[in-house]
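I have a structure here, written as C-alpha cells, and I will follow up with some questions on it.
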Amino acid sequence: MKICVVGTGYVGLVAGTCLAEMGNDVICVDNNAEKVKELIQGKVPIYEPGLEELIMANTRERRLVFTTDLDNAVKNSLICFIAVGTPEREDGSCDLTYVLKVAESIAKSMNEYKVIVNKSTVPVGTGEVVKNCVKEYTAYDFDVVSNPEFLKQGAAVDDFLKPDRVIIGSDTQRATEVMQEVYSPFLRTGNPIIVMDVKSAEMSKYAANSFLATKISFINELANICEKAGANIEHVRTGMSTDSRIGNQFLFPGLGYGGSCFPKDVKALVRVAEDNDVSCDILKAADKTNFMQRRIFIDKIFDYYGGDVAGKTFALWGLAFKPRTNDMREAPAITIVELLVAKGASIKAYDPKAIDEAKRILKDPIEYTSSSYEALEDADALILVTEWNEFRRPDFEKIKNTLKKAVIFDGRNQYDPERMYQKGIDYICVGKKTKSALVEA
Ligand code: NAD
C-alpha cells in the first residue's frame, strides 16, 4: 500500500518504519529539514531498541524514504497518517495547531480520495474538527480515521509490530476496509482490530493513558502512607498485585510518571471533562499526586542534609524519563537537577543514552560523565533516577569506596535496604523506612 506518515518523531518514525517492514511503500515527511537530512544520511535522531536496524533495512530496499516534501508524499499515497505533536497549552488543554496545520497541507495537496488517519493523541471531537478543516481546502473525497497509538517508548518497535490490539475509529466502511488491510499483517497472532466510531477511538487513548497514570499515582500515594506508617510498599505491592483482578503492571512506586504522554494526556482529559461540565476528581488527584511525588523525594535529600545541600555534589544515575529511551520530556531528572542546583548543589550525571538530549534540555550547568562510576568521583551521594538495567546490580563496594560518603537516594527502589545496611551504605528509597548504616556505625 502507498502510505505517507507526517511527523517523524517517536511515533511517526516507528510507525512509518514498521509499516515499511510489512512491505508497504512509506514516505515519512517532517518539516524539520535537519532531521530529514540526518535520516537520509542514516542517522537516527532517537534511541529506540531495534529501530535503527529496521530503518537501514527498509531504506536500502527503497520501501522507506524521508522527505520534507509533503505535497509529493500526499499525491503518491492513499493513506496519510498524521503523527505530529499535540503539546499541552498553558491551561492544560491539548494544542491542535500542528495537527490542523498538517490537515490543511494534506487537503491542499490532495489529487484523489485519501484516508487521513490521525495517530496523534487528541481530544474527543478532533476528528470532526480535522474533517471540517480538510473540507475547507479540497473538493476531493476523503475519510478521517482515528487510529490512536499505544506503543511504549523503550519497546516501541516490538509494540508496533506485535500490538495487543489496534483501535480504528472510522465512520465509513470504505476507510475501515483500508485500515483493516493496513493492520492485518500485524495481528496474525489473533490480537484484535477493534473498530469503533471516531470519537470513542479518540477517547480510548486518553482513557488508557489516564488509567495507567492513575495506577502509578495510586501506588505512589500508598507508598507514602506505608513509609510513614511503618509498612513496606514492596511487600504491599506484591500482596496486592498478585490478585489477578489487579495485576502487576504500572504498580511500581518511584518518582512518578514523566514523558511526553501521561502528564499532558491526564491534564487534557481534565479539560475535556470540564468543557463538558463533568467532575473528574480522580484525574485531578492523579495529576496532583504525580506533581508532589518528585518533591517528596527531593525533600528527603534536603532532610538528610538538615536542609542545606549547598556545596554538595550529587552523582545522578539516569536522566531519561524511563529506561531504554533517550527521551527527556517531563523527566523527573529535570526537577531534581533544577531544585538541587537552585540550592547550591552540583551535579555529575550519567545516562547510557540520554546525555545529548539532557544537554539540550537542562538549563543548569551540570557535569556529564562517560561512565556511571566516573559520576561517583568526589560526589557526596548517589541519586538513582532512571532504572536502566546496568544500574540494577552495581558493584556496591566500588560505589562505597568512590563516593565521599556511602549514601544512596534510590528513586526507583532498585536495591534491598537490609543489604545496603549490612554493607554500611545509608540508603533512602520510596515507601519504606530504612535504617541509617552510617549514623549507627
Ligand atoms: P515528537 O515531538 O517526537 O514528533 C513530532 C514530529 O512532528 C517532529 O519531528 C516534528 O518536527 C514533526 N512536525 C511537526 N509539525 C509538522 C508539520 N507541519 N509537518 C511535518 N512534520 C511536522 O512527537 P511524538 O512523541 O512522536 O508524538 C506524536 C503524537 O503521538 C502526540 O500526539 C503524542 O501524544 C502521541 N503519542 C506519543 C507516544 C510516545 O510514546 N511518544 C505514544 C503514543 C502516542
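Considering only residues of segment 28-45 that are open to solvent by 30 Å² or more (accessible area, probe 1.4 Å) and outside any loop (DSSP other than H, G, I, E, B), which is nearest to the ligand (Cβ to nearest atom)?
LYS35
Further question: Starting from segment 90-102, keep only residues that are on the phi > 0 side of the Ramachandran plot, then list their pairs with residues that are part of a helix (DSSP H, G or I) and open to solvent by 30 Å² or more (accessible area, probe 1.4 Å) whose Cβ atoms are within a distance under 7 Å, requiring at least 6 positions of separation or different chains.
From segment 90-102, the pairs are GLY92/LYS267; GLY92/ARG271.
Are there any helices (runs of 4 or more DSSP H) wholly within segment 310-397 with 1 or more residues that are in the same structural domain as GLN422 (by TED's automatic domain parsing), among the aromatic types (Phe, Trp, Tyr) and open to solvent by 10 Å² or more (accessible area, probe 1.4 Å), and if so which?
Per the criteria, 372-376.
Given the options ALA358, ALA315, name the one that is within 22 Å of ASP426 (Cα to Cα) and of a type outside the set (Val, Ile, Thr).
ALA315
Another one. Being farther than 26 Å from PRO417 by Cβ, within 16 Å of the ligand (Cβ to nearest atom) and without any contact (Cβ under 8 Å) to a residue 60 or more places away in the chain is the requirement here; does VAL278 meet it?
no
Please verify whether ASP164 is within 16 Å of the ligand (Cβ to nearest atom), without any contact (Cβ under 8 Å) to a residue 60 or more places away in the chain and outside any helix (DSSP H, G or I), treating the condition exactly as stated.
So ASP164 passes the test.
How many residues are under 26 Å from GLU53 (Cβ atoms) and either more than 16 Å from the ligand (Cβ to nearest atom) or out of contact with any Leu (no Cβ under 9 Å at 6 or more places or on another chain) (or both) when one looks only at segment 145-160?
Residues meeting the conditions: 8.
Could we say that ARG360 is out of contact with any Lys or Arg (no Cβ under 9 Å at 6 or more places or on another chain) and closer than 26 Å to PRO253 by Cβ here?
no
From the residues in segment 98-130 that are of a type in the set (Ser, Thr, Tyr) and within 22 Å of LYS2 (Cβ to Cβ), which one is surrounded by the most Cβ atoms within 10 Å (Cβ to Cβ)?
Checking each candidate, the answer is SER120.
Kindly establish whether GLU48 is within 14 Å of the ligand (Cβ to nearest atom), out of contact with any helix residue (DSSP H, G or I) (no Cβ under 8 Å at 6 or more places or on another chain) and either part of a loop (DSSP other than H, G, I, E, B) or without any contact (Cβ under 8 Å) to a residue 24 or more places away in the chain (or both).
So GLU48 does not fit the description; no.
The values are calculated or read from the model by the stated rules, or taken from the named source; none is laboratory data. Treat the numbers as computed from the prediction; the structure is a model and nothing was measured. Glycine also receives a Cβ, built like all others from the backbone with ideal geometry; neighbour counts cover every protein chain displayed. What goes into the accessible areas is simple: the full protein's heavy atoms, side chains included, and nothing from ligands, DNA or RNA. Shrake-Rupley method; radii C 1.70, N 1.55, O 1.52, S 1.80 Å.
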